[in-house]
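Written out below as structure tokens is the structure these notes cover.
Read-outs: derived from the displayed coordinates by stated rules, not from any lab. Given the structure is predicted, the values throughout are model-derived calculations rather than measurements. For neighbour counting, all protein chains shown are included, and Cβ atoms are generated from backbone atoms with ideal geometry for every residue, glycine included.
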Amino acid sequence: ETGVTQSPTHLIKTRGQQVTLRCSSQSGHNTVSWYQQALGQGPQFIFQYYREEENGRGNFPPRFSGLQFPNYSSELNVNALELDDSALYLCATSMYYTDTQYFGPGTRLTVL
Amino acid sequence: GQQVMQIPQYQHVQEGEDFTTYCNSSTTLSNIQWYKQRPGGHPVFLIQLVKSGEVKKQKRLTFQFGEAKKNSSLHITATQTTDVGTYFCAGQNTGFQKLVFGTGTRLLVSP
């Protein structure tokens, strides 16, 4: 198993609420990428942080935002939750942004 | 935008049979990676291929990267029930950071 951890494991929210998901990076990894995986689909890239700066973004609206901290842990924030935001949210860390990415166990978000 | 397709979507085999999944990208890739995701789990990195025409083996698994660096395949010889899961390829383009995942192939192995 990788050293990437995510919290919480599961989360239930209602439409319109806000949520913060957390990811702790594997030791020595300075890059964090976030993905959304809807049921039965492959992960979709949300954005990536490299040394605390956003380093690329996928086709997600601005209500998806993130942060990376000096210890390289990261947060994903989603505002104004919609039903379609229900998914498994995965973070993946790497030593450099072009290196192999190692995934955490994910946070299962359900929006009612 | 870039698309990565995989076929088949689903395959059910008897234990001991072989299995192959194919991955095709709409654009040339700098590298391709393969992941396995068990039911209820998260993607687990299997391998990365970088060179045109590259072939790598891991025990019963054989991975290939096409000459044009737009397609790849994963072949499992003599499947076992522990091979059950969804296999994803994921491509990366030069100068881009994101992994573009394929649609996945779900493998079911019956004893």
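What whole-number distance in Å separates the alpha-carbon centres of the stretch A:1-70 and the stretch B:17-42?
21 Å
Count, for each residue of A:39-49, the Cβ atoms from other chains sitting within 10 Å of its Cβ, then give me the mean as a whole number.
Average neighbour count from other chains, rounded to a whole number: 5.
With no solvent and one equal point scatterer per Cα, compute the Debye intensity ratio I(q)/I(0) for chain B at 0.19 Å⁻¹ and report its log10, rounded to two decimals.
-0.91
What relative contact order, as a whole-number percentage, does chain B give when Cα pairs under 8 Å and 6 or more residues apart are counted?
Rounded, it is 37 percent for chain B.
With loop defined by DSSP as not H, G, I, E or B, and exposure as at most 11 other Cβ atoms within 10 Å, which is the longest segment of chain B clear of exposed trypsin sites (Lys or Arg not before Pro)?
By the stated rule (loop sites, at most 11 other Cβ atoms within 10 Å), B:60-111.
Of the DSSP beta bridges with both residues in the stretch A:7-112, give the percent that are antiparallel, rounding to the nearest 5.
90 percent
Return the lysines within reach of B:Lys36: Cα separation strictly under 17 angstrom, same-chain partners fewer than 8 residues apart disregarded; answer none if there are no such residues.
Hits, sequence-local ones excluded: B:Lys56, B:Lys57, B:Lys59.
Check each of the trypsin sites (Lys or Arg not before Pro) in the stretch A:13-112 and keep only those in coil by DSSP with at most 13 other C-beta atoms within 10 angstrom; list them in order. Provide the component values of the computation, followed by the final result.
On the way: sites: A:Lys13, A:Arg15, A:Arg22, A:Arg51, A:Arg57, A:Arg63, A:Arg108; in loops: A:Arg15, A:Arg51, A:Arg63.
Listed in order of number, the matching sites are A:Arg15, A:Arg51, A:Arg63.
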